[in-house]
Amino acid sequence: MPEIANILGVAGHTALGVSLASSILCVLLGISSRNATDLATTYTRQQNLIILIFIGLAVSLSILTYSIVTDQFALKYVVEHSSSQMQVWYKIASLYSGQAGSLLIWTFAISLGTLLLSRTRTASFQARGLNAITILTFIILAFLFPLTFLSSPFELTSRVFTEGIGLNPLLVDPTMLIHPPTLLLGLASTSIPFAISLGMIISKTSNIEWSRSLRRWTLISLLILSAGNFLGAWWAYTVLGWGGYWGWDPVENCAILPLIPLAMLLHSKPLQERLGLFYTWNLMLGCLPFVLAIFGTFNVRSGLITSVHSFAESDIGPYFLGLLAVTLLTPAILLTLGTRVKSVTHNYDSVLSRETGLIINNFLLLSIGLVILGGTLFPVASELANGARIVVGPLFFADTVGPLLTILLIFMAFTAPLVWTKTLKKNYLQQIKFPISLAVLISIFAVILGANGLINLLAIFACAFGILIHSFEICRAITKNTGVASSPYDRVLQPFKRNPRRYGGYIAHIGLAVMAIGIISSTAYESRNRFTVSPGDSFALGDYSFEYQGLWGRKPEKNGIEIEAGTEVTLIENSEVVKVFRPGRRFFYAAPNQPVAIVDIDTSLIRDVYVFTQGWDEQQVAEIQILIKPLVQWLWIGAGLYIGGVLVSLSARDKSMLKNS
């Protein structure tokens, strides 16, 4: 009923107003209390205001969720993004399918992180925590302003609607129930490292408690944002129907860019903790992920780039450009003015040292980030320069980022056995000779199986060497514990309990190498072909034989789907049917000219048989595309190992923060 929707709209606006007012008070309190003698009292007041901010945003989100689930079509947002025909889970997905809803989730996630950070109990953090909390509430205020005045999810419609447009067809997939909110949560979480780092810059002091909080929140951001990107790659692979999982789309690039300074910070932080180096560099790295997250938000909402993931051009694009300028220039200017931390010099006794390896890895990660950023912005820069937009495609990124990632994997492997200050050459060679020999043998075996191309072979060697050297390091740590733990199970777990930071990192590195194997094999050595066939026709790709049986169709009558139709293709081995594929298209009432692919995949650890239907005619003549993708499942297995390694690293207690890592 319109009356109920009106009440909900007013209640939602009011809840946003409460959060907005509380944010303004919290920021003013933080600014005015810079010289206050009783910091604990001020901190407590800010904590109470943050609770109020969080409650206001939680109420707003709950009201919008209720409005969507109960089909309150008097709200403009519900009309544009939901439908009464949709299942409840896909109705909830409407929360983040629109610009205003996704901004509300962004803001709620930042308020949640602020609430958690504000509950830090240690006196040393609270004494200096005003800066970080004030910065975070300013960020919340900056997001609440467009939500309240420019793009409100509680705006009422100008006329009566009895039905909504429904969810974007590309979002009608189970993965999209998890991927967008995870990615939004990951992007929002980068505000915490930003606030801690900027707070340290403003206070011009170094504090071990801040340093520990910065590392922990950096790991949390890395974990959530990585998971969001992996889920996005899985969605692209299983839904879009082109057989890939990463197309170097501008929005994909914007989603992955914040991960690079997060990884750089985690690998340069030990240089500061052990040697006192790179303090200013680390503060800058702590700020960059959120700056890049805002950059991505501006790109998605400004109409500056064209992407399957982006929103239409909106009024808040220029607003986020201004916010991007503020978040970028503020730490840059303050860092230029300098800090009170004295610069530290370090004499490198040997090139064979862990600090050398970490510095090189940081340089390589920086190079990869600059290439991705440059390639993403190049079309815009070319249009500004000569009026013609020159698009940089996936081939450019494959030819530039691919070799850099290969070099990074190699240096990552060579760094693993290194110790701080100086590694004895004899000991180092003893540790690497067996894994490097095995890696060479594996590379030769790959050539025998048909692998070719210098970069590909070098990448295969790098992956094999990385997996072996990190596995050997873990095994060496386990065997050192003989007699210490009470059982073999305890001995295996002991290194991860004793130093989760180091050995969790090794698992993450192994996961990256396993992922790289899946990527190299499934892209460089895939087979694909497109066949035009009539019912009863047989065709083959490599060692695989197929037979086209005919068309199928059904009417699901849910989630806005009008009809699902496609082809039936059988996989034949030894004259027997071993798999029936049913790829096709999904057509929607609200977007009949925007069908979504139905992909069918036969999966194994050795290869995926990927089948997609391009189209068909009235005589049932169909165009079918078949892809054979070797070892692609190892990409997802490697992603799982990587996430597991980050979780292990996150389990590190504060007392182990400064251990050899």
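Summary of values
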| quantity | calculated |
| --- | --- |
| Sites Ile455 and Thr65 - FRET efficiency at Förster radius 56 Å, r taken between beta-carbons, to 0.05 | 0.70 |
| Per residue value of the accessible surface for the chain (all protein chains in place, 1.4 Å probe), Å² | 43 |
| Computed FRET value (nearest 0.05) for Lys425 with Arg498, which takes r as the C-beta separation and R₀ as 22 Å | 0.20 |
| Largest to smallest accessible area among Tyr237, Tyr66 [probe 1.4 Å] | Tyr66, Tyr237 |
| Cross-link pairs beyond the 24 Å C-alpha cut-off, checked among Lys425/Lys480; Lys433/Lys629; Lys426/Lys497; Lys269/Lys422; Lys76/Lys558; Lys433/Lys480 | Lys433/Lys629; Lys426/Lys497 |
| Separation in nanometres of the label points that stand 7 Å from Cα toward Cβ, at Ile333 and Phe149 | 2.1 |
| Additional length obtainable on full extension of the chain from Cys475 to Ile24, 0.36 nm per residue less Cα span | 156.9 nm |
| Estimated distance in nm for a label pair at Ala58 and Arg554, the labels positioned 7 Å out from Cα along Cα-to-Cβ | 4.1 |
| Computed label-point distance, nm, for sites Ile637 and Ser367 using a 7 Å Cα→Cβ extension | 3.0 |
| Residues of the stretch 104-121 with amide N under 20 Å of a point placed 7 Å along Cα→Cβ from Ala590 | 104-105 |
| Sites excluded, GluC sites (Glu not before Pro) in DSSP loops with at most 12 other C-beta within 10 Å, longest stretch of the chain | 1-312 |
| Rounded percent of accessible protein surface that carbon and sulfur make up, the stretch 527-634, 1.4 Å probe | 44 |
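The values are calculated or read from the model by the stated rules, or taken from the named source; none is laboratory data. Fair warning: this is a prediction, and the values are worked out from it, not measured in the lab. FYI the Cβ positions are ideal-geometry reconstructions off the backbone, even for glycines, and counts take in every protein chain you see. Remember, those area values only see protein heavy atoms, side chains included, never the ligands or the DNA or RNA. Shrake-Rupley method; radii C 1.70, N 1.55, O 1.52, S 1.80 Å.
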